[in-house]
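Participant: This structure is in structure tokens; I'll ask about it shortly.
The values are calculated or read from the model by the stated rules, or taken from the named source; none is laboratory data. Source: prediction; values computed, not measured. Using ideal geometry, Cβ is built from the backbone for each residue, glycine included, and neighbour counts are taken over all protein chains shown. Side chains included, ligands, DNA and RNA excluded: accessible areas come from the protein's heavy atoms. Shrake-Rupley method; radii C 1.70, N 1.55, O 1.52, S 1.80 Å.
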Amino acid sequence: MALEVFHKDETLQMRRKLIGQSCRLFFSHDPVKIVRARGQYLYDENGMQYLDCISNVQHVGHCHPSITQAAAAQMDLLNSNTRFLHDNIVLYADRLAATLPKKLCVFYFVNSGSEANDLALRLARQYTRHQDVIVLDHAYHGHLTSLIDISPYKFRKLEGQKEWVHVAPLPDTYHGIYREDHPDPGQAYADTVKSLIEEAHKKGRKISSFFAESLPSVGGQIIFPTGYCKRVAEYVREAGGVYVADEIQTGFGRVGSHFWAFQLQGEDFCPDIVTMGKPIGNGHPIACVATTEEIAAAFTANGVEYFNTFGGNPVSCAIGLAVLDVLEKEDLGGNAVRVGGHLKQLLLQLQTKHPLIGDVRGVGLFIGMELVKDRASRKPATEEAAHLVRRLKEERIVISTDGPWDSVIKFKPPMCFSIEDAERVSTCIDQILRGWVLICFHTLQLYNNTNNLKPDCTHTPVSIIFILHVYSKVLWLH
């Protein structure tokens, strides 16, 4: 099979003509044309290798041979819809059940995370007979109309907030209303949800569900404070609602110490509904909803059959089983602990040298490095983050930003990411940030010499001295 049909410029021209412009490319100013991949590496049309730090969908690595072999073998044998009896769907459901708390024992298979979250919303409403939903600020749960309605990240740019949607503060202890110095931020943030419930009840409204990613990704790689989810679940259930954990970004061992990110909140915490997607099929379109027998029974009782043409087909389930096998055989959860821990420590070391790095947070191979203009004010450094992404691309490292201000450099690589990869990324970031300081000092010196100014920055343009303001002389001497 040819790796390239058109020259890169022609491909780009055709894409601009044929594909909707709202479908954006990475590095739109100078897109990378990727023609093949393996493991954590991408290759462009010229054979240049790029280190992939963001493809959490290709969970066990790009084009893993065990996954492609399982897909091809089942596709050569049978692919049909789930109205025919077949072993794969029950084998796969049984394997997934073994990773979850016992009460989450009924499964619905779909094709994407958006489908999964839409179905979760239907399940919650059918079970509770309530309509309203509580979500977190800056949340994103999918591209369907029903999910844009519960995604502040999207609806604030479109038609706005519906009356049945209630937005709780993001439990962000770096930028939020309760920060790391609060004695119990988990309880404090949970109480904001309780207040929302009380306000809804005063208006005669009833809560069907609390919907949240187990670790908010679009919100900026946020780690919930201890006890938050457990307390929220108690408040929501007391109000007659259910707790929906969106694990589409974070499930399947990414956090390392646990298979599911919600398990970070303790063994005594269990959601009522869990949604899965992205990494579940290593790039193949498959997703899932897991729930309790009681919620499933209420959904069945409505008398309307639920049928999904492609959800849970034999090929998709064969791929899902193969992903679970690779996770176990290659100890990728353990790798997330080892490599993720090492990467986080490297970034924390960079934080001590570079004032531009305001915060480093994360667990396993889910890590965020937030850039700020000033550590005291914590003002997001959006432009600097974008520039760092572009510079890393020049070093053939693919990375991107997230968060409300796009100031968080996010790390969600394939789970086969190595110690060497982590050190390469850290070294490049260090060199780039040091380079900015050198450029600014040399530019300042040249400007002052040219204009016969004293070296005190009094008359120097802000654009030249910005990084000098951010960086201390200690860094210059480091």
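Participant: Assess whether A2 counts as being over 29 Å from the mean Cα position of the chain (by Cα), over 30 Å from I367 (Cα atoms) and free of Cβ contacts under 8 Å to residues at least 24 places away in the same chain.
Facilitator: Against the criterion (over 29 Å from the mean Cα position of the chain (by Cα), over 30 Å from I367 (Cα atoms) and free of Cβ contacts under 8 Å to residues at least 24 places away in the same chain), A2 qualifies.
Participant: OK, next. Might you check whether a residue that is crowded, with 18+ Cβ neighbours inside 10 Å and in contact with a strand residue (DSSP E or B) (Cβ under 7 Å, 6 or more places away or on another chain) occurs anywhere in the stretch 58-73?
Facilitator: Checked the stretch 58-73: at least one residue is crowded, with 18+ Cβ neighbours inside 10 Å and in contact with a strand residue (DSSP E or B) (Cβ under 7 Å, 6 or more places away or on another chain).
Participant: Output yes when any residue across the stretch 208-223 is modelled with pLDDT of 95 or more, in contact with a Lys or Arg (Cβ under 8 Å, 6 or more places away or on another chain) and not in a loop (DSSP other than H, G, I, E, B), and no when none is.
Facilitator: yes
Participant: What's the total number of residues in the stretch 162-174 that are within 20 Å of the chain's Cα centre (by Cα), closer than 22 Å to I150 by Cα and outside any strand (DSSP E or B)?
Facilitator: Residues meeting the conditions: 4.
Participant: Are there strands (runs of 3 or more DSSP E) fully within the stretch 44-157 with at least 2 residues that are under 24 Å from the mean Cα position of the chain (by Cα) and at pLDDT below 95? List them.
Facilitator: none
Participant: Here is a follow-up. Would you tally the residues in the stretch 375-421 being under 19 Å from Q58 (Cα atoms), of a type in the set (F, W, Y) and open to solvent by 20 Å² or more (accessible area, probe 1.4 Å)?
Facilitator: 0
Participant: Among the candidates V274, V242, which residue alone is over 19 Å from the mean Cα position of the chain (by Cα) and among the aliphatic types (A, V, I, L, M)?
Facilitator: Exactly one residue qualifies, and that residue is V242.
Participant: Sort out which residues of the stretch 78-105 are open to solvent by 40 Å² or more (accessible area, probe 1.4 Å) and in contact (Cβ under 8 Å) with a residue 24 or more places away in the chain, and write them in order of number.
Facilitator: Correct list: L78, N79, N81, T82, R83, H86, I89, L91, R95, K103, C105.
Participant: Being more than 17 Å from the chain's Cα centre (by Cα) and open to solvent by less than 10 Å² (accessible area, probe 1.4 Å): is that true of P279 here?
Facilitator: no
Participant: From E293, E328, grab the single residue that is over 30 Å from W436 (Cβ atoms), open to solvent by 30 Å² or more (accessible area, probe 1.4 Å) and in contact with a Cys (Cβ under 9 Å, 6 or more places away or on another chain).
Facilitator: Matching residue, one of E293, E328: E293.
Participant: Something else about it: Using the structure shown, decide if D268 is of a type in the set (D, E) and either under 17 Å from the mean Cα position of the chain (by Cα) or open to solvent by less than 30 Å² (accessible area, probe 1.4 Å) (or both).
Facilitator: Criteria not met by D268.
Participant: Kindly establish whether I319 is closer than 20 Å to D246 by Cβ and either surrounded by 23 or more Cβ atoms within 10 Å (Cβ to Cβ) or modelled with pLDDT of 95 or more (or both).
Facilitator: Values: closer than 20 Å to D246 by Cβ: no; either surrounded by 23 or more Cβ atoms within 10 Å (Cβ to Cβ) or modelled with pLDDT of 95 or more (or both): yes.
The answer is no for I319.
Participant: Tell me, please, whether a residue that is open to solvent by 30 Å² or more (accessible area, probe 1.4 Å), within 30 Å of H143 (Cα to Cα) and in contact (Cβ under 8 Å) with a residue 24 or more places away in the chain can be found in the stretch 332-345.
Facilitator: Within the stretch 332-345, not a single residue is open to solvent by 30 Å² or more (accessible area, probe 1.4 Å), within 30 Å of H143 (Cα to Cα) and in contact (Cβ under 8 Å) with a residue 24 or more places away in the chain.
Participant: I would also like to ask the following. Within the stretch 218-229, does at least one residue satisfy the condition of being of a type in the set (S, T, N, Q) and under 19 Å from the mean Cα position of the chain (by Cα)?
Facilitator: Within the stretch 218-229, one or more residues are of a type in the set (S, T, N, Q) and under 19 Å from the mean Cα position of the chain (by Cα).
Participant: Let me ask something else about it. With respect to the numbered conditions (1) modelled with pLDDT of 95 or more; (2) surrounded by fewer than 24 Cβ atoms within 10 Å (Cβ to Cβ), which one is the sole condition not fulfilled by E305?
Facilitator: (1)
Participant: Quick check on the stretch 232-251. Is at least one of its residues over 23 Å from R122 (Cβ atoms) and in contact with a helix residue (DSSP H, G or I) (Cβ under 7 Å, 6 or more places away or on another chain)?
Facilitator: No, the stretch 232-251 contains no residue that is over 23 Å from R122 (Cβ atoms) and in contact with a helix residue (DSSP H, G or I) (Cβ under 7 Å, 6 or more places away or on another chain).
Participant: Out of all the residues in the stretch 7-30, which are open to solvent by 80 Å² or more (accessible area, probe 1.4 Å) and among the aromatic types (F, W, Y)?
Facilitator: The answer is F26, and nothing else.
Participant: Please go through (1) farther than 27 Å from R361 by Cα; (2) of a type in the set (V, I, T); (3) open to solvent by 30 Å² or more (accessible area, probe 1.4 Å) for I223 and return the number of the only condition it doesn't satisfy.
Facilitator: The failed condition is (1).
Participant: OK, next. On the given criteria, is S208 open to solvent by less than 10 Å² (accessible area, probe 1.4 Å), within 19 Å of G186 (Cα to Cα) and among the polar types (S, T, N, Q)?
Facilitator: no
Participant: Residues being open to solvent by less than 30 Å² (accessible area, probe 1.4 Å) and more than 22 Å from Y235 (Cα to Cα): count how many of those fall in the stretch 153-197.
Facilitator: 3
Participant: For the stretch 297-313, which positions are of a type outside the set (F, W, Y) and over 19 Å from G277 (Cβ atoms)?
Facilitator: Once the filter is applied, which keeps residues that are of a type outside the set (F, W, Y) and over 19 Å from G277 (Cβ atoms), the stretch 297-313 yields A297, A298, T300, A301, N302, G303, V304, E305.
Participant: Tally the residues that are part of a loop (DSSP other than H, G, I, E, B) and among the hydroxyl-bearing types (S, T, Y), restricting the search to the stretch 175-203.
Facilitator: 1
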